[in-house]
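Below you'll find the structure, written out as structure tokens, and then a few comments.
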Amino acid sequence: MPRTIHEFREPERFVAGTVGQPGDRTFFLQVSTGAQIVSVQIEKQQVLILADRLGYLLDEVNRRFGTAVPPETSVVADNSPLTMPIDAEFHVGSMGLGWDAEAAAVVVELLAVTEEPIDEAMILDDSAEGPDTVRVFLTAPAAREFSARSMRVVAAGRPQCPLCQQPLDPAGHICARSNGYKRDGEFSRSLEFVDPEVLAILGRLVPGFDASFEVDNADPDEPRSDDPAPDDEDEPGPEPGDRR
């Protein structure tokens, strides 16, 4: 079956976005010019890789050819959501990046998933046979902004566990760092073993967790503030001749 190549030489918009709630998000790339809008489904990790490699490519173009490119930025002008409804053309399987010196543009190529491995020679190629493709030409500033927005989109999911750095699930989270520890045990209340910051974080994240603590004295021979006062009858009596 002949392939379809959607080519956008001067796109008005090329963005990453999601549909769904954190923990159950579907990622899309969407490119548009006028009334023409093309969306493709993509994996979260692929978005992250594409954003990272775009920045690397621009840095290399500047280093090798002396081409002026804008610095890396965190500023994003387009924070609007994806245009609805979304009708994905295909699920992205392979991606390609290139630099068109004549157009002074980055070329992003997104190829559909195929049952057989794709020959690398097919990427950035116009052959009649092959997977359906979306090809987008981006100016250097547009590429920088795409990367910045994509990083924000990826980071906008579930917050990370402060201990194992894995995403926290609203329905509950089993921390890998807690394996091997007694789950119903109590924390030592000594500053030698308890980090107040960690307790405070756990208090915010774990429902019902008691983040309060009292400090045990470092010197076990020193009397504690909550130790009972000595009984009066144990006090030695006055020596003969002493006055009280």
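The values are calculated or read from the model by the stated rules, or taken from the named source; none is laboratory data. Every value quoted in this text rests on a predicted model; they were computed, and no experiment measured them. So basically every Cβ, Gly included, is an ideal-geometry build from the backbone, and we count neighbours across all protein chains shown. The protein model used for the area step is the full one, side chains on, heavy atoms only, and it has no ligands, DNA or RNA in it. Shrake-Rupley method; radii C 1.70, N 1.55, O 1.52, S 1.80 Å.
Can you tell me which residue is farthest from T139 (Cα to Cα) among those in segment 5-43 that are under 23 Å from the mean Cα position of the chain (by Cα) and among the aromatic types (F, W, Y)?
In this case the residue turns out to be F27.
Pick from segment 141-164 the residues that are touching a helix residue (DSSP H, G or I) at 6+ places or on another chain (Cβ under 9 Å) and modelled with pLDDT under 70: which of them is nearest to I49 (Cα to Cα)?
The extreme case among them is P159.
Looking only at segment 95-134, which residues are within 26 Å of Y56 (Cα to Cα), assigned to a loop (DSSP other than H, G, I, E, B) and in contact with a helix residue (DSSP H, G or I) (Cβ under 8 Å, 6 or more places away or on another chain)?
A101, A104
Given the conditions (1) in a strand (DSSP E or B); (2) touching a Pro at 6+ places or on another chain (Cβ under 8 Å), which single one is not true for V92?
Unmet for V92, out of (1) in a strand (DSSP E or B); (2) touching a Pro at 6+ places or on another chain (Cβ under 8 Å): (2).
Considering only residues that are in contact with a strand residue (DSSP E or B) (Cβ under 6 Å, 6 or more places away or on another chain) and over 15 Å from R152 (Cα atoms), look in segment 64-90 and name the one that is surrounded by the fewest Cβ atoms within 10 Å (Cβ to Cβ).
Among residues in segment 64-90 that are in contact with a strand residue (DSSP E or B) (Cβ under 6 Å, 6 or more places away or on another chain) and over 15 Å from R152 (Cα atoms), the one surrounded by the fewest Cβ atoms within 10 Å (Cβ to Cβ) is T83.
Look at V153 and say whether it is out of contact with any Asp or Glu (no Cβ under 8 Å at 6 or more places or on another chain), in contact (Cβ under 8 Å) with a residue 12 or more places away in the chain, within 18 Å of R13 (Cα to Cα) and not in a loop (DSSP other than H, G, I, E, B). Give the steps one after another, and end with the answer.
Working: out of contact with any Asp or Glu (no Cβ under 8 Å at 6 or more places or on another chain): yes; in contact (Cβ under 8 Å) with a residue 12 or more places away in the chain: yes; within 18 Å of R13 (Cα to Cα): yes; not in a loop (DSSP other than H, G, I, E, B): yes.
So V153 fits the description; yes.
Which of the residues belonging to segment 39-83 are in contact (Cβ under 8 Å) with a residue 60 or more places away in the chain, among the charged types (D, E, K, R) and within 25 Å of Q21 (Cβ to Cβ)?
Across segment 39-83, the qualifying residues are K44, D78.
Could you say whether any residue in segment 41-63 is in contact with a His (Cβ under 7 Å, 6 or more places away or on another chain), under 19 Å from T133 (Cβ atoms) and surrounded by 15 or more Cβ atoms within 10 Å (Cβ to Cβ)? Give the steps one after another, and end with the answer.
Here is the first cut: in segment 41-63, the ones in contact with a His (Cβ under 7 Å, 6 or more places away or on another chain) are 41.
Among the residues that remain, those that are also under 19 Å from T133 (Cβ atoms) are: 41.
In the following step, the residues that additionally are surrounded by 15 or more Cβ atoms within 10 Å (Cβ to Cβ) were identified as 41.
The answer is yes, given that some residue of segment 41-63 is in contact with a His (Cβ under 7 Å, 6 or more places away or on another chain), under 19 Å from T133 (Cβ atoms) and surrounded by 15 or more Cβ atoms within 10 Å (Cβ to Cβ).
Name the residues in segment 16-49 that are in contact with a Lys or Arg (Cβ under 6 Å, 6 or more places away or on another chain), at pLDDT 95 or above and farther than 16 Å from V113 by Cβ, would you?
Of segment 16-49, the ones in contact with a Lys or Arg (Cβ under 6 Å, 6 or more places away or on another chain) are 18, 22-23, 27, 32.
Adding the requirement that they be at pLDDT 95 or above leaves 18, 27, 32.
Selection gives T18, S32.
Need pairs with beta-carbon distance below 6 Å; first residue more than 18 Å from I42 (Cα to Cα) and within segment 101-129, second modelled with pLDDT under 85 and loosely packed, with under 14 Cβ neighbours inside 10 Å; sequence gap 6+ or separate chains.
That search, which allows pairs on different chains as well, returns A128/P2.
State all residues of segment 1-31 that are open to solvent by 20 Å² or more (accessible area, probe 1.4 Å) and among the small types (G, A, S); if no residue qualifies, say none.
Correct list: G20, G23.
Sort out which residues of segment 91-134 are at positive phi and buried (at least 17 other Cβ atoms within 10 Å of the Cβ), and write them in order of number. Step through it out loud before you land on a result.
Within segment 91-134, the subset at positive phi is 104, 124, 130.
Correct list: G130 only.
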